[in-house]
Amino acid sequence: MQIALQFAIHLICSSPCFIKNKTQNRKNTFDSNSLVYFSLLVPNLLCLFAITFRASHSPTRCYIETQSNRSEHMTLAKPHALVILLADDSLPGLMTVKITLEKMGHTCVTATDGSQALTMAAQHHYDVIFLDEQMPGLHGSTICSQLRHEPGPNQHSRIISLSGENNSTQLEKISEAGFDELLHKPVTREVLEQCLGDNTKVKTGSQPPAAVSKNRLLNESSLGELTVDLGLSTTLHLLKLFNTELQAMIDRLAGASKNNDEKEILAVAHILKNSAKLYGADLLAAEAQSLNETTKTDLNSILLEGRLLELRCSQSQAAVTQYIFENSPK
């Protein structure tokens with residue numbers, strides 16, 4: 001617009017009539033030629049102003065602003081980052097879920113036993129709390145019940161149970177504790193995205209995991225999916241943690257067999273049925289789940305199954321070690 005105005009002044013000042021009048025020192029006088037010249041100049045100036053005005057308000061500019069506004073709207077529409085408390089006593093399972101949540105853009109702090117989780121939840125507010133059911137110190141359902149019934153920063157927070165329980169009595173106990181949702185282990189990124197996508201409370205839980213394949217020590221397709229979600233480097237790091245856990249479970253099973261401790265054997269089976277499935281050890285997971293859900297009460301039968309589970313742990317550990325070696329960068 002400013003350029004058009006300057007151009008118009010230039011046209012007027014450079015007109016023959018203006019120069020003639022200025023040369024003759026004639027002020028405020030217009031002859032017939034001047035009137036003719038300005039009658040032709042004015043419409044052209046108006047046309048020039050109109051073109052300039054339309055250019056400054058062109059559709060291109062409006063389109064860019066619209067796209068910018070639309071992008072801003074889309075950004076605001078995305079789910080906001082959440083502050084999450086995750087409690088689980090199985091380190092490989094804990095770290096897998098933690099890394100997955102952080103890759104989704106959330107902040108995740110962890111606890112490795114029930115007492116620690118309750119202390120953290122009593123001191124700080126969290127948008128979402130994930131609680132494993134079977135933890136040392138306190139069970140997840142006990143923690144949830146206390147948080148719901150006592151005034152505190154998380155009395156109305158979203159609390160989700162992470163459990164491998166399929167026993168109807170245990171599931172009823174979890175349901176009555178005040179959880180907003182139950183997620184069956186192992187938990188995948190897809191499940192977490194569906195759960196946290198809109199940050200709204202829902203009462204319907206996910207379905208229990210399907211029956212596992214029993215013809216392999218290590219399901220490499222499961223590990224392939226984990227690699228897609230977390231990357232190869234992170235997956236290999238988590239597999240090393242899983243191998244460390246397997247060694248700890250082997251030691252616990254050996255001690256339990258030596259001391260005739262059936263409760264310890266069942267506790268190990270509960271841990272393995274979840275973490276083994278997560279890392280593709282399908283056969284180990286199936287045998288651990290079978291032992292965990294056994295109705296046998298005979299001590300010798302449980303001790304025998306405990307020794308078989310110990311052997312399967314050793315076989316799975318060797319398979320994981322080989323997978324790590326074959327897939328590590330050379």
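Of the residues making up region 271-295, those that are among the polar types (S, T, N, Q), surrounded by fewer than 24 Cβ atoms within 10 Å (Cβ to Cβ) and assigned to a helix (DSSP H, G or I) number 3. In region 73-116, the qualifying residues are those that are touching a Gly at 6+ places or on another chain (Cβ under 8 Å) and under 18 Å from Leu196 (Cβ atoms), and the one that is modelled with the lowest pLDDT is Pro79. Take the conditions at pLDDT 90 or above, loosely packed, with under 14 Cβ neighbours inside 10 Å and among the charged types (D, E, K, R) and apply them to Glu176. Does it pass? Criteria not met by Glu176.
Those residues that are over 21 Å from Ala318 (Cβ atoms), touching a residue at least 12 places away in the same chain (Cβ under 8 Å) and not hydrophobic (A, V, I, L, M, F, W, C), I need them from region 224-244; list them, please. Across region 224-244, the qualifying residues are Glu225, Asp229, Thr234. Of the residues making up region 92-118, those that are polar (S, T, N, Q) and in contact with a strand residue (DSSP E or B) (Cβ under 8 Å, 6 or more places away or on another chain) are Thr107, Thr110, Thr112, Gln116.
Every residue, every condition in (1) farther than 17 Å from Thr112 by Cβ; (2) under 25 Å from the mean Cα position of the chain (by Cα); (3) of a type in the set (Asp, Glu), yes or no:
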| position | (1), (2), (3) |
| --- | --- |
| Gln134 | no, yes, no |
| Gly140 | no, yes, no |
| Glu150 | yes, no, yes |
| Ser163 | no, yes, no |
| Asn167 | yes, no, no |
| Lys173 | yes, no, no |
| Asp180 | yes, yes, yes |
| His184 | yes, yes, no |
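When region 95-124 is filtered for residues that are buried (at least 18 other Cβ atoms within 10 Å of the Cβ), more than 19 Å from Ile271 (Cα to Cα) and more than 12 Å from the chain's Cα centre (by Cα), the ones remaining, listed by number, are Leu118, Ala121. Could you tell me whether any residue of region 252-270 is exposed (fewer than 15 other Cβ atoms within 10 Å of the Cβ), within 30 Å of Glu190 (Cα to Cα) and not β-branched (Val, Ile, Thr)? For region 252-270, residues exposed (fewer than 15 other Cβ atoms within 10 Å of the Cβ), within 30 Å of Glu190 (Cα to Cα) and not β-branched (Val, Ile, Thr): absent. Restricting region 306-330 to residues that are charged (D, E, K, R) and touching a residue at least 12 places away in the same chain (Cβ under 8 Å) leaves a set whose member that is surrounded by the fewest Cβ atoms within 10 Å (Cβ to Cβ) is Arg307. Counting the residues of region 102-148 that are free of Cβ contacts under 8 Å to residues at least 12 places away in the same chain and farther than 19 Å from Pro186 by Cα gives 1.
The values are calculated or read from the model by the stated rules, or taken from the named source; none is laboratory data. Given the structure is predicted, the values throughout are model-derived calculations rather than measurements. Here Cβ is always computed from backbone atoms with ideal geometry, including for glycine, and neighbour counts include all displayed protein chains.
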